[in-house]
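Here the structure is laid out as structure tokens; the discussion comes afterwards.
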Amino acid sequence: MINDWGRAAINRSLEPAGHWLVRRGIHPDAMTVFGTAGATGFAIWLIPTGHLFAASMIVWGFAMLDVLDGAMARARGVTSPFGGVLDSLCDRIVDGTVFAGIAWWAASNDRWVIVALSLVCLVTGQLISYIKARAEAAGLAGGGGVVERAERLILGLTGIGLTGLGLWWAVDVALWLLTIGSVVTVAQRIRTVWVSAREQYGAATGRTDVPALDPGGPARDAG
């Protein structure tokens with residue numbers, strides 16, 4: 001949702017900063033690693049110890065470097081497959097650390113419903129990304145859905161930030177919304193993959209049914 005509405009505008013606004021950093025010899029991959037290290041380090045330190053508002057601000061600031069590294073890559077005019085893989089890997093690390101930190105904080109305060117919701121958000125967040133990556137590797141469409149990475153971070157960090165300001169129920173509302181949205185998104189992406197596979201198979205054979213995959217065939221792997 002937010003990706004569709006705002007990513008182009010954000011990218012344009014960051015182009016000057018991307019050019020400035022590249023001219024000073026900073027590599028996009030270094031920015032990716034720096035942002036990931038900062039976001040994960042502060043998430044592990046501040047969220048479990050109850051510094052929720054500070055965590056929301058600082059982690060969000062470091063997470064925004066994920067957008068800046070893209071502007072830097074465009075400024076260099078070089079497409080790096082490794083950079084794309086590194087960026088995706090670092091995104092998963094930050095997402096997982098944020099929700100693991102929320103679960104840790106909630107467990108320390110005997111808020112077991114929040115623990116469960118955080119873990120569901122953590123798992124579904126990884127699934128949402130994996131479905132798209134695995135589908136695209138198979139030549140299928142697998143994106144879209146109501147909750148993508150931007151929504152996960154905004155809802156999660158806003159929830160803990162407002163809770164840190166005294167609205168104890170904010171994290172409950174945010175994680176319930178995020179849990180429901182994430183489960184819906186998993187279902188949406190699975191359907192997108194199924195429709196894409198059906199269209200691809202139909203275009204190749206003239207049939208509309210998608211045959212069952214051989215569990216031992218090359219279309220499946222252990223990863």
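Bear in mind that the values in this text are calculations on the coordinates, not laboratory data. Since the model is a prediction, treat every value here as computed from it, not as a measurement. For neighbour counting, all protein chains shown are included, and Cβ atoms are generated from backbone atoms with ideal geometry for every residue, glycine included.
Details
- Mean ellipticity per residue at 222 nm, deg cm²/dmol - from DSSP H runs of n ≥ 4 across the chain, formula -39500 (n - 2.57): -26500 deg cm²/dmol
- Each peptide in 43-52, 19-28 receives the mean, over its residues, of other Cβ atoms within 10 Å, and ordering these scores from highest gives 43-52, 19-28.
- Lys, Arg +1 and Asp, Glu -1 on Cβ, resulting dipole of the chain about Cα centre, debye, nearest 20: 300 debye
- With R₀ set to 25 Å, the beta-carbon distance separating Tyr130 from Ile180 gives a calculated FRET efficiency near 0.80.
- The chain: DSSP helices with Cα axial extent of at least 20 Å and average Kyte-Doolittle hydropathy no lower than -0.5: 2-23, 28-46, 81-108, 112-137, 149-164, 170-205
- Projecting label points 7 angstrom from Cα along Cα→Cβ for Asn109 and Trp20 puts them 3.7 nm apart.
- Counting all C-alpha pairs of the chain, share separated by more than 34 Å (%): 22 percent
- Of the peptides 105-118, 72-85, the order by per-residue mean of other Cβ atoms within 10 Å, starting with the highest, comes out as 105-118, 72-85.
- Taking the C-alpha atoms of the range 152-207, convex hull volume expressed per residue in Å³: 46 Å³
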